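What follows is a set of notes on a single structure, which appears directly below.
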């Protein structure tokens, strides 16, 4: 499962309140769904902007 960086969760809550907290809480499942759909696997720690989760990835087949 993907860990949401604490600073991203704080930023989302600061600017969007409860909706931001709910979005941050749902990000791990959302990211897992995209990783599965696009046949990717994480390749490094999660990064973020003030409102975005960035995941370094590689294809599951290593390409």
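The values are calculated or read from the model by the stated rules, or taken from the named source; none is laboratory data. Model, not experiment: these values are computed from the prediction. Here the Cβ positions follow ideal geometry from the backbone for every residue, glycine too, while neighbour counts run over all protein chains shown.
Considering the stretch 1-46, the residues that are farther than 30 Å from residue 63 by Cα and in contact (Cβ under 8 Å) with a residue 24 or more places away in the chain include one that is farthest from the chain's Cα centre (by Cα), namely 15.
Does residue 58 fit the bill of being at pLDDT 95 or above, in contact with a strand residue (DSSP E or B) (Cβ under 7 Å, 6 or more places away or on another chain) and outside any loop (DSSP other than H, G, I, E, B)? The answer is yes for residue 58.
When residue 49 is tested against (1) modelled with pLDDT under 95; (2) surrounded by 11 or more Cβ atoms within 10 Å (Cβ to Cβ), just one condition goes unmet, and that condition is (2). Residue count for the stretch 1-14 satisfying the condition of being farther than 12 Å from residue 52 by Cα and either in contact with a helix residue (DSSP H, G or I) (Cβ under 8 Å, 6 or more places away or on another chain) or crowded, with 16+ Cβ neighbours inside 10 Å (or both): 5.
Would the stretch 42-50 turn up any residue that is out of contact with any strand residue (DSSP E or B) (no Cβ under 8 Å at 6 or more places or on another chain) and not in a loop (DSSP other than H, G, I, E, B)?
Checked against the condition, which is being out of contact with any strand residue (DSSP E or B) (no Cβ under 8 Å at 6 or more places or on another chain) and not in a loop (DSSP other than H, G, I, E, B), the stretch 42-50 yields no hits at all.
Residue 17 fulfils the conditions (1) surrounded by 12 or more Cβ atoms within 10 Å (Cβ to Cβ); (2) out of contact with any strand residue (DSSP E or B) (no Cβ under 9 Å at 6 or more places or on another chain); (3) part of a helix (DSSP H, G or I) except for a single criterion, (1).
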